[in-house]
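Worksheet: one structure, shown below.
The values are calculated or read from the model by the stated rules, or taken from the named source; none is laboratory data. Just so you know, these numbers come straight off a predicted model, no measurement behind them. Neighbour counts are summed over all protein chains in view; Cβ atoms, including those assigned to glycine, are modelled from backbone coordinates with ideal geometry. Protein only, heavy atoms only, side chains kept; ligands, DNA and RNA dropped before computing areas. Shrake-Rupley method; radii C 1.70, N 1.55, O 1.52, S 1.80 Å.
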Amino acid sequence: MNANLIIDRNFKIGGIDPRIYGSFLEQMGRAVYSGIYEPGHESSDKYGFRNDVKDLVKELKPSIIRYPGGNFVSGYNWDDGIGPVSMRPARLDLAWKTVETNEVGLHEFMRWADEVDAEVNMAINLGTRGIDAARNIVEYCNHPGGTYWSDLRRKNGREEPYRIKTWCLGNEMDGPWQIGAKNADDYGKLAAQSAKVMKLVDPEIELVVCGSSAIDMATFASWEATVLEHTYEHVDYLSLHSYYGNQDNDLPGYLAKSLGMNDFISSVSAICDYVKAKTRSKKVMNLSFDEWNIWYHSHEKDSKNEPWQKSPAILEDIYNFEDALLLGCLIITLLKNCDRVKIACLAQLVNVIAPIMTKKGGAAWRQTTFYPFAQASHHGLGVVLRGSMDVSTYACNEFDAVPYVEYAAVHNEEKDEIALFCVNRSPSKVFDLSVTLQGYKPKRIIQSTELCGHDVKQINTAKSCSVIPAPSNAIFNKNVVSAALKPLSWNMLRIGL
Ligand code: AHR
């Protein structure tokens, strides 16, 4: 079978905002406690943060990390997590029915994020709190000094402002499970006023307003329209959240779920443009897909969880090979929408539905889904090219025409290379890929790898990580690059120009 791709240096989708390779660390489960932070662990630094986990996070290379939630943030007092640790209160976390000790708070997290070279996307609480706490946290984090909150930050050991650029105006405020859930009008008004004061404190910040918590919410679309009508001129991005799963054990249908992500992005973009037209605005509202991932393996186990534990093992999905393939398709979909999706956060980062797992007192390892993300975050920067691929399709329950090969081509002008990411969704057919590069003079294949040849249910564990990319064969002749895409494979080709 053939997959013929033509790309042309003049046909571009858009430039990639590096924040498209974001992740998310919620103060829940074992993400922080016994995830990134485990005093007494043999690899921990003097502050109690695990160096082995830091190394894996750096290898994954998330550009920005959303924090501290998620559902957690809607009941969280950020100021519980500052000042001497011994004075910090333990609180009930009503979102996950656990106990939050506040041992790790704002300063500890910011120092850790700096060490792993990631920006922070800070979420504020618009569930139990509002405008006052919103302006205070921005003043605490970003104002240089000479005021109550900025001087308190300095007293607490951080002289320079953190200069956090990206902020979320609450989390999933449409969800009935959310602490302080609101209707679209109430949330829209609160978000607009919170945004206004936050930008009065620091006009440099960028704000993400909550879209629907999922496309299947009954209020989807009208929620977005109403919230944006209240907030359009005050905010910079609208959020999308979506989780995928193979509950029906239907591989062709599962691997096609990235088409649903694409439709979701198109629909939300259309709603933004409707409000742009309605409000006669000149501004284009961009998107922040600030929660996306695969989440279903742990549902059953979590339904039996005992409440009010400290850092219980919840949402610990163990990912398999088919999950890595879908995750690859999802990353490709985000890249193909990079003209609109400027921020995206793989939810989450460590232990909780995460590419990185840890054992308390033991090892840290890479799940199968680690690799497509890491390869894209390292090599998928620059401009996404609008290609044209001639390839056969299949039908599944949800979609009539699913291309067997999904791809994204990224031109990195600084490095003079094109990175091509491809997934072959077919369980049986090899696709002979031929890429015609119009307007380019390819010089060499810098690297080509494939993740393939595993049972779809194969997982990585602390003891054995077999699902990892291996070198593959790709050749070029004049302006055409060729590679055999094996059945069920994630592939990366880096072409030197
Ligand atoms: O990522 C896990 C949870 O999923 C988040 O807390 C919430 O925002 C979403 O429902």
Can you tell me which residue within segment 282-319, out of those that are open to solvent by 10 Å² or more (accessible area, probe 1.4 Å) and of a type in the set (S, T, N, Q), is nearest to the chain's Cα centre (by Cα)?
Asn286
Determine, yes or no, whether Pro62 is within 24 Å of the chain's Cα centre (by Cα), within 16 Å of the ligand (Cβ to nearest atom) and under 19 Å from Lys310 (Cα atoms).
no
Test for Tyr243: is it touching a Gly at 6+ places or on another chain (Cβ under 6 Å) and within 15 Å of the ligand (Cβ to nearest atom):
no
Among residues of segment 124-156, those that are in a loop (DSSP other than H, G, I, E, B), open to solvent by 20 Å² or more (accessible area, probe 1.4 Å), in contact with a Ser or Thr (Cβ under 9 Å, 6 or more places away or on another chain) and more than 12 Å from Trp78 (Cβ to Cβ), counted
2
Let me spell it out: the conditions are (1) in contact with an Asp or Glu (Cβ under 7 Å, 6 or more places away or on another chain); (2) open to solvent by 60 Å² or more (accessible area, probe 1.4 Å), and Trp177 meets all of them except one. Which number is the exception?
(1)
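I need the full set of residues from segment 145-182 which are more than 16 Å from the ligand (Cβ to nearest atom) and under 26 Å from the mean Cα position of the chain (by Cα), in order please.
To start, the set of residues in segment 145-182 that are more than 16 Å from the ligand (Cβ to nearest atom) comprises 145-166.
Of everything in segment 145-182, those that are more than 16 Å from the ligand (Cβ to nearest atom) and under 26 Å from the mean Cα position of the chain (by Cα) turn out to be Pro161, Tyr162, Arg163, Ile164, Lys165, Thr166.
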Could you say which residue among Gly48, Gly40, Gly75, Gly35 is surrounded by 24 or more Cβ atoms within 10 Å (Cβ to Cβ), within 23 Å of Pro312 (Cα to Cα) and either of a type outside the set (Phe, Trp, Tyr) or modelled with pLDDT under 95 (or both)?
Gly35
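In contact with an Asp or Glu (Cβ under 7 Å, 6 or more places away or on another chain) and not β-branched (Val, Ile, Thr): is that true of Pro89 in this structure?
On the way: in contact with an Asp or Glu (Cβ under 7 Å, 6 or more places away or on another chain): yes; not β-branched (Val, Ile, Thr): yes.
In short, yes.
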Filter result for Val208 (of a type in the set (A, V, I, L, M, F, W, C) and away from the ligand (no atom under 16 Å from the Cβ)):
no
Within the set of pairs 6+ apart or on separate chains, which have a first residue in segment 298-311 that is on the phi > 0 side of the Ramachandran plot, a second that is among the small types (Gly, Ala, Ser), and C-beta atoms under 7 Å apart?
Ser311/Gly29; Ser311/Ser34
Residues that are among the aromatic types (Phe, Trp, Tyr), at least 1 per element: which strands (runs of 3 or more DSSP E) completely within segment 279-397 meet that?
286-294, 364-366
Set Tyr232, Tyr254: member being more than 19 Å from Asp174 (Cα to Cα), aromatic (Phe, Trp, Tyr) and in contact with a helix residue (DSSP H, G or I) (Cβ under 8 Å, 6 or more places away or on another chain):
Tyr254
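Yes or no, residue by residue, for (1) within 17 Å of the chain's Cα centre (by Cα); (2) within 16 Å of the ligand (Cβ to nearest atom); (3) open to solvent by less than 40 Å² (accessible area, probe 1.4 Å):
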| position | (1), (2), (3) |
| --- | --- |
| Gln348 | yes, yes, yes |
| Lys359 | no, no, no |
| Pro372 | yes, no, yes |
| Gly380 | yes, no, yes |
| Val383 | no, no, yes |
Going by the structure shown, is Tyr21 under 17 Å from Ala344 (Cα atoms), without any contact (Cβ under 8 Å) to a residue 60 or more places away in the chain and surrounded by 24 or more Cβ atoms within 10 Å (Cβ to Cβ)?
no
Search segment 216-245 for residues that are under 13 Å from Ala184 (Cβ atoms) and pair each with any residue that is of a type in the set (D, E, K, R) and crowded, with 16+ Cβ neighbours inside 10 Å when their beta-carbon atoms are under 7 Å apart and the residues are at least 6 apart or on different chains.
Met217/Asp174; Thr219/Asp174; Trp223/Asp174; Leu238/Glu224
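Can you pull out the residues in segment 227-261 that are within 24 Å of Leu200 (Cβ to Cβ) and either among the small types (Gly, Ala, Ser) or open to solvent by 30 Å² or more (accessible area, probe 1.4 Å) (or both)? Spell out how you get there, then give the answer.
Our first condition is that a residue be within 24 Å of Leu200 (Cβ to Cβ); within segment 227-261, this holds for 227-239.
If the condition is that a residue be within 24 Å of Leu200 (Cβ to Cβ) and either among the small types (Gly, Ala, Ser) or open to solvent by 30 Å² or more (accessible area, probe 1.4 Å) (or both), then Glu229, His230, Glu233, His234, Asp236, Ser239 are the ones that fit.
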